[in-house]
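Derivation of every value follows stated rules applied to the coordinates shown; laboratory data play no part. No experiment lies behind these values; they were computed from the predicted model shown. Positions of Cβ are generated from backbone atoms using ideal geometry, with glycine treated the same way; all protein chains shown enter the neighbour counts.
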Amino acid sequence: MKNDRTSKPKSVKLSYKEQRELEQLPQLLEELETKITALQAEIADPAFFQQAHDITDAKLKALADTEAELETAFLRWEELEEKKNLTDGKA
């Protein structure tokens with residue numbers, strides 16, 4: 001006897017929470033990019049490395065953390081967009 005559940009393609013649809021997340025991600029991405037630009041400008045200043053070591057380390061860590069957060073947010077945005085496009089039949 002054939003199981004009909006396994007033969008039907010699973011419906012992929014964004015949940016309400018995922019829809020809200022997808023709507024908010026572009027703003028988050030923009031904010032993170034702005035923060036990265038500001039940190040890079042500070043680090044590019046010739047006087048930056050003349051500051052105390054703990055200050056420069058904190059800024060460099062903040063830059064690395066923000067870049068990692070941006071990458072994670074971008075990957076999540078891509079994932080949700082792909083899921084949305086599958087739902088809309090645009091894949």
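General remarks:
- Of the labelled figures (i) 9.0; (ii) 7.8; (iii) 9.7, only one reflects mean projected area of the Cα convex hull in nm² as derived from the coordinates, namely (i).
- Helix axis angle, 53-88 relative to the chain longest principal axis, alpha carbon, degrees: 20 degrees
- Residues Lys35 and Thr56, FRET efficiency given R0 of 25 Å [Cβ-Cβ distance, rounded to 0.05]: 0.90
- Full extension of the chain between Ala44 and Val12 yields a length gain of 7.0 nm, computed as 0.36 nm times the residue separation minus the alpha carbon distance.
- The phi torsions of the stretch 22-29, fed into the Karplus equation with coefficients 6.51, -1.76 and 1.60 and a -60° offset, translate into couplings of 4, 5, 8, 4, x, 5, 4, 4 Hz, rounded to whole numbers, with Gly and Pro shown as x.
- As a length-normalised measure over Cα pairs under 8 Å and 6 or more apart, the relative contact order of the chain settles at 46 percent.
- Each residue of the stretch 32-38 was assigned a 3J(HN,Hα) from its phi angle through the Karplus expression (A = 6.51, B = -1.76, C = 1.60, θ = phi - 60°), giving 5, 5, 5, 5, 5, 4, 5 Hz with x at Gly and Pro.
- Local net charge near Lys59, Cβ-Cβ under 12 Å (Lys/Arg +1, Asp/Glu -1): -3
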